[in-house]
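Notes for the one structure printed next.
Read-outs throughout are calculated quantities, based only on the coordinates presented, and are distinct from any laboratory measurement. Please read all numbers here as calculations on a predicted model, not as lab measurements. Note: ideal-geometry Cβ built from the backbone for every residue, glycine included; neighbour counts use all protein chains shown.
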Amino acid sequence: MPSSRPRRRARLSALVTGALALGGAPLLLAPGSAEAVSATVLINEVYVNGGSAGATYTNKYVELRNLTGEDIALSGMSIQYRAPGTTGASGIITQLTGSIPAHGYYVVVGGSNGANGAAVPTTTGASQSATGSFNPGGGGGTVALINGSTSVDLATLSNSVDKLGYGTSNAPEGGASGAGPTGNSVTMSIGRTSATDTDVNTDDFAAQTPTPNADNPTASATVALTNPGPQSGYVGYPIAPLQLVASGGDGTRSYTATGLPAGLSLDPATGVVTGTPTTAEAPTVTVGVTDTSGTDSEQFTWTISAAPASSAIATIQGTGSASAQVGQRVATQGVVTARYPTGGLNGFFVQTPGPDTANASDAIFVQGSGTYPDVGTSVDVVGTVSESFDLTRLTGAVWRAHTPSLGAVQYKTVIPGTDCPLPGDTCLSGATLDTAREVVEGEAFQPAASNPWTLTDVYDGRPYYGTGDEGGSSNFGELGVAAESDQALVAPTELFDAQTQAVQVTNRTRWNDAHRIVLDDGTSTNYSTVSGSALPWMSKDYVPRVGASVTFPGPVVLYKDFGVWRVEPSTPVAGVPSSTQPQLEQTRAAEAAPAPVGGDVRLATFNVLNFFPTTGEEYVGNGLGVCTYYDDRQAHHITTRNCGNPSTDSGNGPRGAANADNLARQQTKIVSAITTADADIVSLEELENSAKFGKSRDFAIGQLVDALNQASAPGTWAYAPSPTGADLPPIGDEDVIRTGFIYQPAAVSLVGSSRILVGSAAFANAREPLAQAFKKTGAPDSAAFTVIVNHFKSKGSGADDGTGQGNSNPDRVAQANALVGFANQFKADRGTDRVFLVGDFNAYSHEDPVQVLETAGYAAVDSTTDPGEETYNFDGQIGSLDHVFANAPAKASVTGADVWPINGYESVLYEYSRYNANITDLYDAGPFRSSDHSPEIVGITATTPVAQATVQSPPAVSVTYGQPTVIPVQVSAAGAAPTGTVTVSLGAATLGTGTLTGGRTTVTIPPSSLAPGTYSLTVRYSGDGAVQPASTTTTLSVAKAASSVEADTKQDKPTVGDKIKVVVDVQGAGGLPATGQVTVVVKGGRDVTATLVNGSVVVKAGRYTKPGKRTVVITYLGSSTLEASTTTLKVKVKPKTKGGGRG
């Protein structure tokens, strides 16, 4: 497994915890309307700096207040929190229990920033702990008391009892986004200033000394107004609404303003100033607030300026990596191509329509407050130029509609650098690639159908990009895409030898990096922490999968952020993409079952991703050690993080499910995968070694077999028992995970007992190979074959030898050498000639350990249904860590192979380990994402064929280019009637196949498959259960196709002095396209050569110089696929008439 696998496998952290049960009186609350004024229970105080240095209290808390004379039951209600930069449903929920006493208080104790401060004082029966789950940020957020237990959108909620949006909250009651009450600190909470709820947070709350379970300090006797500070604006541009903020008094406030710039006005009820300035001026503005307690006023300057002269976006962007106008206030205009009013990006892109500007971008990102214009709107914008996270932007911007329309933006189709061809040596990289893309930063692209994009990294919402900033286990709703490629990216050492083909490895790496683009979701939401927002791009029925195509019904915007080049849809993606957003090809249905592989026995290898029937909770309950866990969004344990006995074997405990519920989910998916594959023999990797927990070594594999039999029929499945005696290592030498075999007794039987390689130093850090001989049920033992399952050392730890093959490559090489010796000995002891080496070798197909096995005579059995299929995906590149190798006798019995891509091409978010990690339910009981490795299934003829085949085909075949090649083939065998297929190939490339009927078939090679020339083709018979494979050769000669030339001067009666113009059309036989050159010769004139374009050309050969008959000879010179050809024209040239001119 690759080097950073622990990071890539990291589970989501806990987000929510369950509540403690408390008793209470049963006065129930009726559901409230959205943000209704509460007259029963209020949020009275929120303390959000608990545990920080100098904090009054160790923990954060929310205090509720009962305004009534009766106890109020809290069962069915919840406290919910949403971070300020997020949208949608809340991510943190605390279910409430118990009740609030009449006229009393109830404290919900939350998380902590540290160990500082005193314990939060609580009252028995009137408090509960939500430690670790309710953990609001100090800078802002939204806290709501909800009459319900499910996550809701705190901006549009319909069952709120009370809500507080403080600081930078984007959903405060009664105010603008980002303008909630502030002033909280380590010694100050945000507390209600009176028992009256006005539904305006800035009126109802103020910073004060924290007083949990007690009355808040008396509010200011008189109302006070906060000075908003100097303001600015531009003539003709609407201002961002200004919310006046007041505190204290009785909350019955009205607002006044004098001296406002012309065009602006104040709403006296809400205190919001809006409008569009009409005059350049800088008045002193006086604003006031009044209630029954008194009046307060403040003054400030509001500067209205004439807008700067408009500059082209390209001028602002400039030709470098950053704008030369940073810090300057500028004006520009453009058409909106994308808008992000929610989700954290908080802005929109504008682009100049019309011709492209050389060496500078015609688009820019705009950020400011207010309602963003719709996509397609022409706008004027004023803002300050800034550079942030690699992106040029206009901040503090204001805008207005531009009339008339500026026109439509013409979308580009190819992102610079993504169209470089293989082998990759010409691909741009590093700063050169950035420079090529910088000139289109922020511009809109819409790849056409002829510009294929393919998903290549769907793992966890934060694709690999090679910058070192892959975000750990964070899920930002991103997908990795291979642009300008109809296939996923391939790991270079899957294709090339790291040492002898180092140049090819470097070129492929360069090609991968140039084509790697991130498809973002139009938000900055981290779904790992905001689990209440629906995941983008996916649902239970809409599944992003590696290898699936991406199409673009609408545009996307390209820019660089956090060191990563990415494209954003024109609007945020919520769940399944809309019809105008990028569409992901749905490929699951085509993989509902593996492809047929033939044979009378099917052999599979399957890594079952830490299948541990001994759960973490059982391990701890039995006193074997301690565990930490990965939790779901409601703090339920899902999988183990680290289990062990700290004094003896820390970290060597259970590695799978946390408890029985999650084990059942994992087991259900594994059983579905195995029963659907329906192989007769399955090698298992990452299986619990139950002996490590004081059980039978075969406890885990036995439980899996029991589950398989329950899902099918009793006796359908069995397992190969562990070896005993000298064939089994001491328990101290074994790993906590092991390998094993399960099989279907109706199809195959065991021959002898299993054996483990014992005492090999090479396997001190890995699972020792396990060997077992099998035969087809009913066959003699002499027909047995050997299967050895392996699980080599992972790439995740150990020494890096610097060869680009991951950590511990020398260890895997040593393990491969030890395996060869073990296989030879076991084969001799069991008297078998056929040996299959299977399992998780943690090495790609051209890495050193594989080469050791190939040198020893073992050949890889690759997929015959799709040679490009691989078992694994890591860092956005596919490759096979799982293999089946066969020696020559075993390879001869192979009838087909299929990698069943149910796991490696899927997102981890569909795995049992991510159950309830998000409000989007992705788990199902089917085989998809039952593990992280996809199984490989191989068909074999278990009974050794005895008949020798003879393959006959014509020794030589000739064909003209453009015509199909037909090769008749006959296969015969003494005493048998051969069945199966015949394949004609050139090297590793298959040209055509045919199926035998009565021992005969015809193999047709499609037209134009081979260029003119002579080839030695291999005609290979596959073999069947009674006849061995065989082959012969045929020589194929491909001749050039004929061509024909047509020409016309297009002049009926030319005159001396007229120009000689000859229109030439050349066509190949059967409509083959003609390329190359033609010559035109006019007797008495000069020879002219011209190049065909789409088979035609107009040739200018000077002028006619003499009257009389002239012969024009037109010759096509031929091409690599067409013969040359000639035609002639007879032209009668008339003398020049007196007084005439030249034609």
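General observations
- Charge-dipole axis of the chain as Lys and Arg at +1 and Asp and Glu at -1 on Cβ define it, positive-most pick from Thr40, Ala358, Ala604: Ala358
- Each 5 Å bin from 0 upward holds the following percent of the Cα-Cα pairs of region 41-208: 2, 10, 19, 24, 23, 16, 6, 1.
- Value of D in µm² per second that Stokes-Einstein yields for region 332-443, Kirkwood Rh from Cα pairs, at 4 °C (1.567 mPa s): 85 µm²/s
- For region 1043-1133, the equivalent ellipsoid built from the Cα gyration tensor has semi-axes of 25, 11, 10 Å, listed from largest to smallest.
- Estimated dipole of the chain in Debye, rounded to 20 [Cβ of Lys and Arg +1, of Asp and Glu -1, Cα centre]: 5280 debye
- Modelled FRET efficiency - R0 60 Å, Thr1111 with Ala977, Cβ distances, 0.05 increments: 0.35
- Residue order for Ile731, Ile146, fewest other beta carbons within 10 angstrom first, comes to Ile731, Ile146.
- Using the alpha carbons alone, the radius of gyration of region 400-487 stands to its Kirkwood radius in an Rg to Rh ratio of 1.05.
- Where a label projected 7 Å from the Cα of Asn652 along Cα→Cβ would reach, residues of region 724-755 with amide N under 19 Å: 728-739
- Under a model in which nothing but the beta-carbon of Lys, Arg (+1) and Asp, Glu (-1) is charged, region 444-596 shows a dipole of about 80 debye around its Cα centre.
- Across the options Pro1007, Gly702, Gly821, the greatest Cα extent toward the positive end of the charge dipole of the chain (unit charges at beta carbon of Lys, Arg, Asp, Glu) belongs to Pro1007.
- Relative contact order for region 1058-1143, counting Cα pairs under 8 Å that sit 6 or more residues apart, in percent: 30 percent
- Split the chain at each of the trypsin sites (Lys or Arg not before Pro) in a DSSP loop with at most 13 other beta carbon atoms within 10 Å, and the longest piece is 1-539.
- Alpha-carbon centroids, region 639-705 and region 790-829: separation in whole Å: 24 Å
- With at most 16 other Cβ atoms within 10 Å, longest stretch of the chain clear of loop GluC sites (Glu not before Pro) (DSSP): 586-1143
- Sorting Ser388, Ser579 from the fewest to the most surrounding beta carbons within 10 angstrom yields Ser579, Ser388.
- Using only side-chain charges placed at the Cβ, +1 for Lys and Arg and -1 for Asp and Glu, the dipole size of region 41-208 relative to its Cα centre rounds to 420 debye.
- Summed residue charge, Cβ within 13 Å of Ala1030's Cβ, Lys/Arg positive, Asp/Glu negative: 0
- Counted charge near Pro572, where neighbours are those whose Cβ lies closer than 11 Å (Asp, Glu -1; Lys, Arg +1): -2
- A simple spin-label model places the labels of Ala306 and Asp486 6.0 nm from each other, with each point 7 Å out along Cα-to-Cβ.
- Amide H contacts of Gly376 (H built 1.01 Å from N, under 5 Å, at least 5 apart or other chain): Val336, Thr337
- Binning all Cα-Cα separations of region 825-932 at 5 Å, short to long from zero, yields these whole-percent fractions: 2, 11, 18, 18, 16, 12, 9, 7, 4, 2, 1, 0.
- At R0 = 30 Å, FRET efficiency that the Cβ-Cβ distance of Val1093 and Val414 yields, to 0.05: 0.80
- Mean separation of Cα contacts under 8 Å (6+ apart) over length of the chain, as relative contact order %: 7 percent
- The ranking of His103, His791, His933, His637 from fewest to most other beta carbons within 10 Å of each one's beta carbon is His103, His637, His933, His791.
- Charge dipole of the chain about the Cα centre (unit charges at C-beta), most positive-ward option of Ala214, Ala799, Pro1073: Pro1073
- For region 224-305, the alpha carbon positions stretch 38, 18, 15 Å along the principal axes, listed from largest to smallest.
- Gyration tensor (alpha-carbon) shape descriptor, region 601-933, a/c threshold 1.5: rounded
- Rounded to the nearest 0.05, the FRET efficiency derived from the C-beta distance between Asp921 and Thr68 at R0 = 51 Å is 0.85.
- Where a label projected 7 Å from the Cα of Ala711 along Cα→Cβ would reach, residues of region 640-683 with amide N under 12 Å: 664-679
- Cα-based Kirkwood hydrodynamic radius, the chain, one decimal, Å: 35.3 Å
- Relative contact order computed over region 41-208 (Cα-Cα under 8 Å; 6+ residues apart), in percent: 25 percent
- With 0.36 nm allotted per residue and the present C-alpha distance subtracted, the Asp199-Val326 stretch has 41.6 nm of extension available.
- Karplus-based coupling profile of region 696-706, in residue order and whole Hz: 4, 4, 9, 4, 5, 5, x, 5, 5, 4, 4, with θ = phi - 60° in 6.51 cos²θ - 1.76 cosθ + 1.60 and x standing for Gly or Pro.
- Taken along the Cα-to-beta-carbon direction at a fixed 7 Å, the label points for Lys1083 and Thr628 span 9.8 nm.
- Applying a threshold of 23 Å to the alpha-carbon distances of Lys1059/Lys1106; Lys1050/Lys1136; Lys695/Lys793; Lys1083/Lys1134; Lys1061/Lys1083 flags Lys695/Lys793 as lying beyond it.
- Directionally averaged projected area (region 736-797, Cα convex hull): 5.4 nm².
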